[in-house]
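Chemist: Supplied in structure tokens, the structure appears directly below.
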Amino acid sequence: MLDIFKVDIDSRVPKYQQIVESVINGITNGYLSIDQKIPSINEISEEFYLSRDTVEKAYNILKDQKIIISVKGKGYYIAKTFLLDKKNILFLINKPSSYKIRIFNSFVKKMGADAHVDLSIYHCDIQLFINILNKQKDLYDYFVIMPHFKSEDLYHLSSNEQVIAAIDTIPREKLVILDNNFLEITGSLREVYQDFENDIFDALVSGRGRLKKYKKIILVYPMKAIYPYPKRILRGFKKFCVHYGFDFEVLDEIYPGMELIPMDAYITIEENDLVSLVKQIRETGFVMGKSIGVISYNDTPLKELLGITVISTDFKKMGEKAASMLLENTFEKTKNPFNILYRSSL
């Protein structure tokens with residue numbers, strides 16, 4: 001471990017700075033890993049014939065930069081291992097879906113080479129989310145958070161008192177809220193959000209001309225799920241059907257062996273329901289877009305390939321807009337674009 005430290009007695013670079021750079025170089029070159037213990041102040045002092053004050057000054061600088069931490073009675077440990085000359089960002093998403101990853105990828109691409117972005121997934125679990133924030137809140141320059149949680153009985157939650165308390169520990173200038181802004185958080189914030197209720201309502205209004213040919217619209221909305229969806233989607237759907245006089249039904253899932261009826265239109269949210277529906281349509285000899293209409297929530301490249309009509313936010317723009325606000329140091333609350341994309345299934 002002492003071999004990592006390079007101290008040149010004849011150099012004009014201050015000895016404390018050489019110790020700081022030794023630790024940073026050790027991290028950059030992969031010799032030091034997170035939670036790894038480093039030599040004590042006394043060990044460095046004795047090895048390089050330095051005063052204890054010189055070594056202590058170097059370690060205090062490293063502590064101020066959150067590079068190392070001290071544990072009482074145990075010593076000093078590496079606290080972070082990402083590149084230290086970049087904007088360090090923790091990107092917290094609720095689930096590992098393809099469209100969440102698209103937001104992350106567009107954000108990283110827009111931020112460019114001057115940022116280091118770590119991805120963390122908390123699986124809609126409130127306690128896991130809080131634990132991540134508590135452990136990491138002093139180690140990053142910015143926090144990008146998608147707040148979607150689940151209750152004990154697997155219903156969707158935007159937040160609770162524990163979540164708000166955890167987020168409130170993050171300074172507002174370090175915080176970006178994405179996707180769901182249904183939070184009771186005060187102050188000037190960076191937010192790029194979906195308006196789940198009005199988004200689906202407006203998208204279906206836009207598609208009303210094509211939907212008129214169908215006798216019934218069926219929303220497949222899982223009330224309880226490992227990764228639950230906002231109930232505002234359900235409210236927006238019902239509001240549209242009631243307002244425009246469409247016969248409708250809400251199902252919890254696409255059941256095996258469903259009795260498909262010609263001129264029904266389905267709106268699916270979960271991928272497995274879409275797969276099951278398409279499979280059953282093909283097995284019964286019906287034709288998507290003619291005898292059975294199909295709309296899916298959230299666009300993916302595979303849905304485009306299969307010709308599935310979607311109602312979807314623009315995930316690429318959401319990530320780009322969040323990055324732009326950080327790069328330009330602006331504070332905005334902006335609704336992300338949401339549209340219906342027509343394909344052959346409707």
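Bear in mind these aren't lab numbers, they're just calculated from the coordinates by the rules spelled out. Quick caveat, the model's predicted, so the values are computed rather than measured. When we count neighbours, we look across all protein chains shown, and the Cβ atoms used for this are built from the backbone with ideal geometry, even at glycine.
Chemist: How many times 2.2 N^0.38 Å is the alpha carbon radius of gyration of the stretch 18-111?
Modeler: Working it through for the stretch 18-111, the quotient is 1.40.
Chemist: Could you give the alpha-carbon Rg of the stretch 195-311 over 2.2 N^0.38 Å, rounded to two decimals?
Modeler: 0.99
Chemist: Over the chain, with a Gaussian network built from C-alpha contacts below 10 Å, which listed residue (Tyr99, Tyr49, Tyr297) shows the highest mean-square fluctuation?
Modeler: Top of the fluctuation ranking is Tyr49.
Chemist: Rounded to whole Å, give me the distance from the Cα center of the stretch 51-75 to that of the stretch 179-232.
Modeler: Here the answer is 50 Å between Cα centres.
Chemist: How far apart, in nm, are the 7 Å Cα→Cβ label points at Ser188 and Thr330?
Modeler: Label at Ser188, label at Thr330, 1.4 nm between them.
Chemist: What's the angle, to the nearest 10 degrees (0 to 90), between helix 15-28's Cα axis and the longest principal axis of the chain?
Modeler: Tilt of helix 15-28: around 30 degrees.
Chemist: From the Cα gyration tensor of the stretch 97-144, with a ≥ b ≥ c the square roots of its eigenvalues, which class applies: rounded if a/c is under 1.5, or else prolate if a/b is larger than b/c, or else oblate?
Modeler: Oblate, since a/c reaches 1.5 and b/c is not below a/b.
Chemist: Under a 5 Å amide H to amide H cut-off, with H placed in plane at 1.01 Å, what residues pair with Glu191 once short-range neighbours are removed?
Modeler: Sorted by chain and number, the residues that satisfy this are Ile177, Glu332, Lys333, Thr334.
Chemist: If you don't mind, there's one more thing I want to ask. Within the stretch 203-299, report the trypsin sites (Lys or Arg not before Pro) that DSSP leaves as loop and that have at most 14 other Cβ atoms within 10 Å.
Modeler: Filter output for the stretch 203-299: Lys212, Lys213, Lys215, Lys224, Lys290.
Chemist: Shifting gears a bit: At 0.36 nm per residue, and after removing the present C-alpha to C-alpha distance, how many nm does the segment from Ile226 to Tyr155 gain when stretched out fully?
Modeler: Contour length minus Cα-Cα distance gives 24.7 nm.
Chemist: Over the stretch 163-297, what relative contact order in percent results from Cα pairs under 8 Å that are six or more residues apart?
Modeler: Rounded, it is 22 percent for the stretch 163-297.
Chemist: Could you give the semi-axes, largest first, of the ellipsoid that matches the chain, computed as the square roots of 5 times the alpha carbon gyration tensor eigenvalues and rounded to whole Å?
Modeler: For the chain, the ellipsoid semi-axes come out as 53, 18, 18 Å.
Chemist: With each pseudo-label sitting 7 Å past Cα toward Cβ, what's the Ser291-Lys135 distance in nm, one decimal?
Modeler: For the pair Ser291/Lys135, the computed spacing is 5.4 nm.
Chemist: How high is the relative contact order of the stretch 116-159, in percent, counting Cα pairs under 8 Å that sit 6 or more residues apart?
Modeler: Relative contact order here is 32 percent.
Chemist: Lys and Arg at +1, Asp and Glu at -1: add these up for the other residues within a Cβ distance under 10 Å of Met288 and post the number.
Modeler: Around Met288, the charge tally is +3.
Chemist: Each residue of the stretch 56-69 in order: what ³J(HN,Hα) in whole Hz does its phi give by Karplus 6.51 cos²θ - 1.76 cosθ + 1.60, θ = phi - 60°, with x for Gly and Pro?
Modeler: Calculated HN-Hα couplings, in order: 4, 4, 4, 5, 5, 5, 5, 5, 4, 8, 6, 7, 10, 10 Hz.
Chemist: Then there is this: Computed from the mean reciprocal separation of all distinct C-alpha pairs, what Kirkwood hydrodynamic radius does the stretch 211-272 have, in Å?
Modeler: 12.5
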